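Here the structure comes first, spelled out in structure tokens, and everything after it is commentary.
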Amino acid sequence: MKKLLLLTVAALWCTLTFAQAPKDTSYIRDHYTKMEKYITMRDGKKLFTSIYLPKDQSKKYPILMTRTPYTVSPYGENNYRKSLGQNSLLLEEGFIFVYQDVRGKWMSEGDYIDVRPNIDNKKGKQQVDESSDTYDTIDWMIKNLPNNNGKVGIEGISYPGFYSTASLPNAHPALKAVSPQAPVTDWFIGDDFHHNGALFIMDAFSFITSFGVPRPKPIIPAQFKTAIKFKYPDNYKFYLNLGALPNYKKHYFGDSVKFWNDMMAHPNYDSFWQDMNIRPHLKNLTPATMVVGGFFDAEDCFGALHVFDAIEKQNPAGHKNMLVMGPWFHGGWESVDIQHFGDQDFGSNTSKWFRENLELPFFKYYLKGEGELDLPKAAIFISGSNEWKKFSKWPPENSIEKTLYFQANGKLSFDAPTGGDSFDEYVSDPSSPVPYQDGVQSHRTREYMLDDQRFAGRRPDVKTYQTDTLTSDITLTGPVVADLFSSISTTDADYVVKLIDVFPDNYPNPTPNPKNVTMASYEMLVRGEIFRGKFRNSFEKPEPFIPGKVTEVKYNLPDVGHTFRKGHRIMIQVQNSWFPLADRNPQQFEDINQAKDSDFQKSTIRIYHDGQNKSSVKVTVLQ
């Protein structure tokens, strides 16, 4: 099935080719000489490395490297890539480009470990991690590649973004600039496989059925024949019929995918997941960093925001660290033209602006010593008003926290409710979960991150709260915190909170309008996030709900940058399933990874909004 490997394809696409790059290899063949080397690590394992050297040897060049688990294809010194660097401007600028199969993947030796944990205090040469492998690779390159200027940069998107982040602790002195882009960061709290403990089943299943299948020995992609096959025309129906999580192993995985077994054996945020988290190790950094992400990135929006935040909090104020967030899907900042995404028009080519004004100057300054360093702490695209803004910190200094309170009769206001005993009640039924997107899809789409939510609001198990028509613009720049007061009739439930921009009733349709979309009263998803209720007090030690007891469920959504324009309205939707984006909660307290089909049960949900139990969403408003 061509679309089954959604995450792999997305990351591979981001890493290998972009529309702004040359369509054939002629330019690269004319200007670069390719070589392939096995570079020996400190423990004796050899990593396969593909190197492109500029033919013009009249000057020295910095090295720009990407380390990837998605192959450095094509293999063979006479077979050239169609693009070098994620940005064609980098190709034209001239660097020594290096691509490396990480340890245990494709043609590199060693055993592969997903999101290999960092080892701060290594004892002997046999203790290795991605930081040490990067260090050893850089050390070899500086000493052996002709005409290098002694400076190295690293970039990567998604999984290669993780390897970029992992290069930072105990970095080689020659490593001067690193750009983690949509970096895989925390697979339990917010990236890819889990969000706040809820398993993102479509992404996990489609990814693991290929990426998780082990290779018997170093191989090239053409020799990989063991991916698990599956096909379905309707993802909602497929995952609903597949049922409880143990059925995935029974019907598809068997014992062929170790990471699935590991994941199922660790339902809570224990050391298995905590050790993968690179953020605590991002201290005393020396390379300059530019962290890049997309507000509408379905995979790793969390990673970009939290890697930047971890670097900011754990390093001296003088460390050069920058955040870039745009209106992009996963890797969209390297696409030829991101003016439109989904049904939205952002008014300009936002990806081109990033490449010309941020990415190229960053690498030129730190690796070539050219240009002036006139980059802000945070460059943020504000959707809605469709403008780039530069800030001296993120969230911006000139912003304040305000609270949107749920009210009776579906109202939403910055004024707190004062009445008593006010709530909305409905039934959450796992046999009929709320879809994450309207229509029928054969795979998880990327457009769901900002698509119309009118379909959801028509369901009885989705509660909607909205403001009156806004009399002036309101710009949100920063964190969003859901704070719900809820009771349930069972012992567990998931919660989904969505922040939505409701367009005016007379909003015009686009011209042309090939999809025949109706923009009048459009409900654009600005941010949505799920939370597994049993983790409300601790991700390490889940707790059951007491049936019927009013309980606070408070959690963070990823940051936003969006203007709600005058004449629009702000809407919050609350629901208890988001399927099949996230797996279903049986709605009773148990290890969901081991649940049976018979465990799933209905739950009566109440969302309170009175003077004592003030359900709300806290936002950060730009002044």
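The values are calculated or read from the model by the stated rules, or taken from the named source; none is laboratory data. Nothing here was measured: the structure is a model prediction, and the numbers come from that model. Positions of Cβ are backbone-derived with ideal geometry, glycine not excepted, and every protein chain shown enters the neighbour counts. These area figures cover heavy atoms from the full protein model, side chains too; ligands, DNA and RNA do not enter into them. Shrake-Rupley method; radii C 1.70, N 1.55, O 1.52, S 1.80 Å.
Any chance you could count how many residues in segment 399-429 are part of a loop (DSSP other than H, G, I, E, B), open to solvent by 80 Å² or more (accessible area, probe 1.4 Å) and either farther than 15 Å from V619 by Cβ or not acidic (D, E) (or both)?
2
Just so you know, in segment 21-37 the residues that are under 10 Å from L91 (Cβ atoms), modelled with pLDDT under 95 and not in a helix (DSSP H, G or I) include one that is most open to solvent (accessible area, probe 1.4 Å), and it is P22. Among the numbered conditions (1) of a type in the set (S, T, Y); (2) closer than 20 Å to K618 by Cα; (3) modelled with pLDDT under 95, the only one that S383 does not meet is (3).
Filter segment 151-162 for residues that are closer than 20 Å to L90 by Cα and not hydrophobic (A, V, I, L, M, F, W, C); which is most open to solvent (accessible area, probe 1.4 Å)? Outline the logic, then answer.
Start the filter on segment 151-162 by keeping residues that are closer than 20 Å to L90 by Cα, which leaves 151-158, 160-161.
Filter once more, keeping what is not hydrophobic (A, V, I, L, M, F, W, C): 151, 153, 155-156, 158, 160-161.
Numbers: K151: 65, G153: 0, E155: 3, G156: 0, S158: 8, P160: 1, G161: 0 Å².
Among residues in segment 151-162 that are closer than 20 Å to L90 by Cα and not hydrophobic (A, V, I, L, M, F, W, C), the one most open to solvent (accessible area, probe 1.4 Å) is K151.
Do we have any residue at all in segment 234-241 that's of a type in the set (A, V, I, L, M, F, W, C), surrounded by 15 or more Cβ atoms within 10 Å (Cβ to Cβ), under 20 Å from F600 (Cα atoms) and touching a residue at least 40 places away in the same chain (Cβ under 8 Å)? Yes, segment 234-241 has at least one match. Checking every residue in segment 191-208 against the condition of being buried (at least 21 other Cβ atoms within 10 Å of the Cβ) and over 18 Å from the mean Cα position of the chain (by Cα) gives zero matches.
If the condition is being touching a strand residue (DSSP E or B) at 6+ places or on another chain (Cβ under 7 Å) and assigned to a loop (DSSP other than H, G, I, E, B), then segment 316-342 contributes K320, P327, W328, F329, H330, G331, Q339. Checking the stated criteria, V292 turns out not to satisfy the condition of being modelled with pLDDT of 95 or more, part of a helix (DSSP H, G or I) and within 22 Å of the chain's Cα centre (by Cα).
Just to be sure before I move on: is S432 open to solvent by 40 Å² or more (accessible area, probe 1.4 Å) and part of a loop (DSSP other than H, G, I, E, B) in the structure I sent? Break it down stepwise before answering.
On the way: open to solvent by 40 Å² or more (accessible area, probe 1.4 Å): yes; part of a loop (DSSP other than H, G, I, E, B): yes.
In short, yes.
The requirement of being over 22 Å from H568 (Cα atoms) and either buried (at least 20 other Cβ atoms within 10 Å of the Cβ) or free of Cβ contacts under 8 Å to residues at least 60 places away in the same chain (or both) is satisfied by D494.
Touching a Lys or Arg at 6+ places or on another chain (Cβ under 8 Å), of a type in the set (S, T, N, Q) and more than 30 Å from A265 (Cα to Cα): is that true of Q587 in this structure? When the stated conditions are applied, Q587 does not pass them. Just so you know, in segment 105-134 the residues that are part of a loop (DSSP other than H, G, I, E, B) and small (G, A, S) include one that is most open to solvent (accessible area, probe 1.4 Å), and it is G124. Here segment 296-331 is the region considered, the condition is being more than 17 Å from A378 (Cβ to Cβ) and under 12 Å from the mean Cα position of the chain (by Cα), and the residue that is surrounded by the most Cβ atoms within 10 Å (Cβ to Cβ) is D300.
Residues to consider are P510, P542, P558; find the one that is in a strand (DSSP E or B), more than 20 Å from P435 (Cβ to Cβ) and touching a residue at least 60 places away in the same chain (Cβ under 8 Å).
Values: P510 fails: in a strand (DSSP E or B); P542 fails: in a strand (DSSP E or B).
That would be P558, the only listed residue that is in a strand (DSSP E or B), more than 20 Å from P435 (Cβ to Cβ) and touching a residue at least 60 places away in the same chain (Cβ under 8 Å).
Among the residues in segment 573-584, are any surrounded by fewer than 21 Cβ atoms within 10 Å (Cβ to Cβ), touching a residue at least 24 places away in the same chain (Cβ under 8 Å), of a type in the set (G, A, S) and not in a strand (DSSP E or B)? Checked against the condition, which is being surrounded by fewer than 21 Cβ atoms within 10 Å (Cβ to Cβ), touching a residue at least 24 places away in the same chain (Cβ under 8 Å), of a type in the set (G, A, S) and not in a strand (DSSP E or B), segment 573-584 yields no hits at all.
Among the residues examined, I157 qualifies as among the aliphatic types (A, V, I, L, M), under 19 Å from the mean Cα position of the chain (by Cα) and closer than 25 Å to L53 by Cβ.
Among the candidates T477, T471, the residue that is at pLDDT 95 or above and either part of a loop (DSSP other than H, G, I, E, B) or open to solvent by 30 Å² or more (accessible area, probe 1.4 Å) (or both) is uniquely T471.
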